[in-house]
Amino acid sequence: MSDASLSNDPHSTPELRRRDATHHIHPFSDTGALNKEGSRVIVQGEGCWITDSEGNRLLDGMSGLWCVQIGHGRPEIADAVHRQMSKLSYYNTFFKTTHEPAIELAERLARLAPAGLNHIFFTGSGSESNDTVIRMVRTYWDLMGKPEKKTIIARQNAYHGSTVGSASLGGMSGMHAQGGMPIPGIVHIPQPYWFGEGGDQDPDAFGRWAAQELARAIEEQGPETIAAFIAEPIQGAGGVIIPPDSYWPEIKKVLAAHDILFVADEVITGFGRLGTWFGSDYFGLEPDLMSIAKGLSSGYLPIGGVMVSDRIADAFIEKGGEFTHGFTYSGHPACCAAALENLRIIEEEGIVERAAEIAPYLQEGWLSLGDHPLVGEARMVGLVGALELVPAKPDRSIRFDNTGAVGTLCRDHSLKNGLIMRATRDSMIIAPPLVISRGEIDMLVERARKTLDDTAEDLRRDGRLKP
């Protein structure tokens, strides 16, 4: 087939890229640069693999976007959605109405969630879930006769979504530079990022210090004004920031000393990622509210929610009247059907338990990459990990100039080597599907090591990696 005939084929890669550039504005992208380069067109997914329009088969080391717990291409979910849409494709849950999929999913989630989280407010995404958190915690304190409790404490470099409210909760400076964020009433404290910010402290000392920054912020703002503290059990998009062991126990002590709600953002850590149903189970946390999305449906259809404790639900039921908040697609029946089938698969196939069983094997391989001259630290919990790329290990204080350029270079090499890793600053991140096999883990580690070698070769050539 000639190049000319290919260019006239609406399904050829060049034509798909042209059409994409003409009309499609991508999230978190430099649109001009992307349009010149051309987007990667994904055409198929199966298990832990995706295939692009040029026939390249890629090991999906990121579960799509942290979400495809059960792997790509499970026909059972398509069948469940088809059955539901053939019966009731859509109806809202406003105006005193409900439907069976929402009822059944609410029951299922109350059974799976940590103790005391027996209610759910449905949303369409993690961003909507965290927007809901803002409204819910402030309304709760109004109902309790404490309207002065409005301030929410979050962490620097946290990611809680990209709507105005959820991005304000997040602590990413690049996001706050656009759109007039953060909104008032949100305060950020340091993140528990020992490798990047721990200085000369050992990890446990730094973890205690970072936790005490919450206590300091509470006292500085006034305990009577603080509505909630929100945090991811492990910061995902921030670079897989795994807190030192001392951090969460100290945070729990601080929260116990004050009448402040705790919100666990489990959008990434929920539904088996750490080898437990939720990150709160892994770290022994007791949230009053818990944001969920992503793994709830393994990304097959958009759905999220906020798990609500009995304490908060009772206040809304007994004192609340109308909660003037909601979304057209809250509890969408087809999305609920996808989530129910996803949870059935996870439970019946023991995928959470399987993740816990296979996690040490992945961790052994991933942590072995820490011996590479380009890697300052390899870290992992469950099936989520990161590699810190540095120019002069073991010195943690020296980082690459033009932060992010080396990470992008490494990511591009990874794609050429048939592995999807994410670059955050100069860290490489993985969070593969929970169904990944030992053989696929071996391939992942092998391809990651080759990617590091290829990146190091480029950096040595231009003098950015010291001998």
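Points worth noting:
- Estimated FRET transfer efficiency (THR51, GLU446; beta-carbon r; R0 22 Å; 0.05): 0.65
- Coarse-grained scattering of the chain at q = 0.10, 0.13 Å⁻¹, given as base-10 log I(q)/I(0) from a Debye sum over alpha-carbon atoms: -0.78, -1.31
- Filtered chymotrypsin sites (Phe, Trp or Tyr not before Pro), the range 3-88: DSSP coil and at most 12 other beta carbons within 10 Å: PHE28
- Charged neighbours of LEU105, selected by a Cβ distance under 14 Å, balance to -2 (K, R count +1; D, E count -1).
- For GLU377, the solvent-accessible surface computed with a 1.4 Å probe is close to 40 Å², ligands and nucleic acids excluded.
- The accessible surface of the chain, taken with every protein chain in place and a 1.4 Å probe, is 52 percent carbon and sulfur.
- Taking 0.36 nm per residue of separation and subtracting the current Cα-Cα distance, fully stretching the chain between LEU88 and ASP204 would add 36.4 nm.
- 16 Å Cα-Cα reach of LYS146 towards lysines, excluding residues that sit fewer than 8 places from it in its own chain: LYS319
- With a cut-off of 12 Å between beta carbons, the residues surrounding GLU224 carry a summed charge of 0, where Lys and Arg count +1 and Asp and Glu -1.
- Among beta bridges that DSSP assigns inside the chain, antiparallel share in %, nearest 5: 65
- The modelled label-to-label distance for the pair THR408/LYS252, using points 7 Å beyond Cα in the direction of Cβ, is 4.3 nm.
- A Förster radius of 25 Å combined with the Cβ-Cβ distance from ARG438 to LYS416 puts the calculated FRET efficiency at roughly 0.55.
- Radius, Kirkwood style, for the range 1-153 when every pair of distinct Cα atoms is counted (Å): 20.5
- Extension gain, ASP79-LYS319: 0.36 nm per intervening residue step, less the Cα-Cα distance, totals 82.2 nm.
- Once the chain from VAL164 to LEU65 is taken as fully extended at 0.36 nm per residue, the excess over their C-alpha distance is 33.6 nm.
- Taking label points 7 Å from Cα along the Cα-to-Cβ direction, THR97 and HIS24 give a separation of 3.3 nm.
- In order through the range 163-170: 3J(HN,Hα) via Karplus (6.51 cos²θ - 1.76 cosθ + 1.60), integer Hz, x for Gly, Pro: 6, 4, x, 5, 5, 5, 4, x
- Long-range amide H partners of LEU419 with built H, under 5 Å: LEU59
- Selected from LEU452, SER63, VAL187, residue furthest toward positive end of dipole (the chain; charges at beta carbon): VAL187
- Using the average count of surrounding beta-carbon atoms within 10 Å as a protection proxy, the listed peptides 408-418, 229-239, 436-446, 288-298 rank, highest first, as 288-298, 229-239, 408-418, 436-446.
- Of the trypsin sites (Lys or Arg not before Pro) found in the range 55-156, the ones in coil according to DSSP and having at most 14 other Cβ atoms within 10 Å of their Cβ are LYS96.
- Net charge of Cβ neighbours under 14 Å - reference HIS11; Lys, Arg +1; Asp, Glu -1: -2
- At least 24 Å along the helix axis (C-alpha) and Kyte average at least -1.0, DSSP helices within the chain: 126-143, 203-221, 351-368
The values are calculated or read from the model by the stated rules, or taken from the named source; none is laboratory data. The structure displayed is predicted, hence computed values, not measured ones. Positions of Cβ are backbone-derived with ideal geometry, glycine not excepted, and every protein chain shown enters the neighbour counts. Calculation scope for accessible area: heavy atoms of the full protein, side chains included, ligands and nucleic acids excluded. Shrake-Rupley method; radii C 1.70, N 1.55, O 1.52, S 1.80 Å.
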